[in-house]
Amino acid sequence: MSKLLSAGASAVLLLVLAACGAKPQQGFDPNAPAAVGVVTIRTEPVTLTSELSGRTSAFLVSEVRPQVSGVVKARLFQEGSNVHAGQPLYQIDPATYAASLSSAKAGLAQAQAAYATAKLKADRYKELVAINAISKQDNDDAQATAQQAAANVQAQRAAVDQASINLGYTKVFAPISGRIGKSSVTPGALVTASQATALATVQNLDRIYVDVTQSSADLLKLRHDMANGQIGAANSAQVTLVLEDGSTYPISGTLAFSDITVDPGTGSVGLRAVFPNPKGDLLPGMYVKARISKGVAATGILAPLPAISRNAKGQPTAFVVGAGDKAEERVLTVSQTVGDKWLVTSGLKPGDRLIVEGLQKVHPGGALKPAPMAAAR
């Protein structure tokens, strides 16, 4: 009886397995070609740029200092306002200088009177000596006295001019047009001629200098590449400015000059660019970055950033479609980024099919199914 039950159970089990039988699952084929997106490499002219950090400075700067000593009677400007050249800024007490001018004028009048008397006497003695009415010695003395009186008139006239100049200096004028900063003195303060501390500073901000430095080694390499014909001269000397917040200043500047001396401490060369500043957005002392054109690589090779990775040694690498549609890994040399691409100086050549998409499925020597994709331009 038990044998019959066992046989029946086996038969039922076979029927259930037959009824529920599923199709065999297809296994994953590791040798199947990986679908990838590729870009065909070609050469094109590429403008090379350097991004250099620096600071802004005013185009014109003038520190206002008194040229005579005295007590400040009044400040004649608003701090932070725009002033024009020749505008009065401070009034120094003119009383003592006005008195000096009056004294000098009185001295000049006395000298002129003394000269008139000496001149008349000299002219008279000149006539008398001609008829031997007086000695030649007396005539010579009279002529010398007249000349001394004339010289004294000139000295007194110079004293008047000096006193007049000093009186004029009691009013301190703006030497240049621009924006004036805070005042270091208030009315009632005693100032001295040519003192070390400036009363105020005027800065012309219509244009702004941007001073940056470039490595002398980079400069030598640039000249070497130009001499070898690897790159050509830049088409323009325009400079783009990147501000502290990452935004780009809307107006391009021009490269004013490159220093001819290398700083022995840093091994760098100074560069200066000039930017128009019509709205006053740029202020002296701002930290900025200047993008300066170095030259044009006539046969540059650009590779999209996602296509480039780095190996364990830190070397930039990329995969290309090799012979037989097999993945081939290349070690590259890159110099700089240009937008969203790397500028490749070695490791790729025109016509190479660079893998940009599907890299996670690619391994060296693996079969590929490449499909062209539009290069990111």
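Could you tell me the convex hull volume per residue, in Å³, taken over the Cα atoms of the stretch 94-169?
55
Quick one: S215, S258, fewest Cβ neighbours within 10 Å first, how do they rank?
Details: S215 15, S258 12.
Lowest count first: S258, S215.
So if each residue of separation counts as 0.36 nm, and I subtract the Cα-Cα distance between A298 and K361, what length gain in nm does that give?
On the way: separation 63, 0.36 × 63 = 22.68 nm, distance 3.48 nm.
Full extension of this stretch gives 19.2 nm more.
Once R0 is set to 41 Å, what does the formula 1/(1 + (r/R0)^6) return for the Cβ-Cβ distance between T192 and A151, expressed as a FRET efficiency to the nearest 0.05?
Values: r = 33 Å, r/R0 = 0.80.
That pair, T192 with A151, gives E of 0.80.
In square nanometres, what is the average projected area of the Cα convex hull of the chain?
On the way: hull surface 176.8 nm².
It is 44.2 nm².
Sequence gap at least 6, Cα distance under 8 Å: using those rules, report the relative contact order of the stretch 94-169 to the nearest whole percent. Please report the intermediate quantities before stating the final value.
Numbers: 61 pairs, mean separation 39.2, N = 76.
Across the stretch 94-169, relative contact order equals 52 percent.
In degrees between 0 and 90, to the nearest 10, how far off the longest principal axis of the chain does helix 2-19 point, with axes built from Cα atoms?
Around 50 degrees separate the two axes.
Sorted from fewest to most neighbouring beta carbons within 10 Å, what does the list I308, I208 look like?
Details: I308 19, I208 26.
Fewest-to-most Cβ neighbours within 10 Å comes out as I308, I208.
Applying 1/(1 + (r/R0)^6) with R0 = 51 Å to the Cβ-Cβ distance of T337 and D206, what FRET efficiency is obtained, to the nearest 0.05?
Details: r = 34 Å, r/R0 = 0.67.
Taking R0 as 51 Å, the efficiency between T337 and D206 is 0.90.
Once fully extended, how much extra length lies between E63 and S247, figured as 0.36 nm per residue of separation less the alpha-carbon to alpha-carbon distance? It would help to have the intermediate numbers written out before the result.
Working: separation 184, 0.36 × 184 = 66.24 nm, distance 3.22 nm.
Once the chain is fully extended between E63 and S247, it gains 63.0 nm.
List I165, I355, I176 from most exposed to least, where exposure is judged by having the fewest other Cβ atoms within 10 Å. Please report the intermediate quantities before stating the final value.
On the way: I165 13, I355 26, I176 16.
Ascending number of Cβ neighbours within 10 Å: I165, I176, I355.
5 Å is the cut-off here: which amide hydrogens, built 1.01 Å from N in the peptide plane, fall below it relative to L205, excluding neighbours closer than 5 in sequence?
For L205, the qualifying residues are R179.
For the chain, what is the relative contact order in percent, using Cα pairs closer than 8 Å and at least 6 residues apart in sequence? Please report the intermediate quantities before stating the final value.
Values: 720 pairs, mean separation 104.8, N = 377.
Relative contact order here is 28 percent.
In debye to the nearest 20, how big a dipole does the chain give about its Cα centre with +1 on each Lys and Arg Cβ and -1 on each Asp and Glu Cβ? Present the calculation step by step, with values, prior to reporting the outcome.
Details: 35 positive and 27 negative charges, 137 e Å.
So the magnitude is around 660 debye.
Calculate how steeply helix 216-227 sits against the longest principal axis of the alpha-carbon atoms of the chain, using the helix alpha-carbon long axis, and give the answer as 0 to 90 degrees to the nearest 10.
Computed tilt is about 70 degrees.
By how many degrees, between 0 and 90 and to the nearest 10, does the Cα long axis of helix 95-130 differ from the longest principal axis of the chain?
Approximately 50 degrees, to the nearest 10.
So if we plug the beta-carbon distance of T117 and I165 into 1/(1 + (r/R0)^6) with R0 = 30 Å, what FRET efficiency do we get, rounded to 0.05?
Numbers: r = 30 Å, r/R0 = 1.00.
Here the calculated transfer efficiency is 0.50.
Between S103 and Y287, what is the label-to-label distance in nm when each label sits 7 Å out along the Cα-to-Cβ direction?
5.7
If you wrap a convex hull around the C-alpha atoms of the stretch 315-377 and split its volume per residue, what is the figure in Å³?
Details: hull volume 6.3 nm³, N = 63.
Per residue, the Cα convex hull of the stretch 315-377 comes to 99 Å³.
Any read-out appearing in this document is the output of simple, stated calculations on the displayed coordinates, not a laboratory observation. Worth saying up front: this structure is predicted, and the values here are computed from it rather than measured. All Cβ positions, glycine included, derive from the backbone under ideal geometry; neighbour counts span all protein chains shown.
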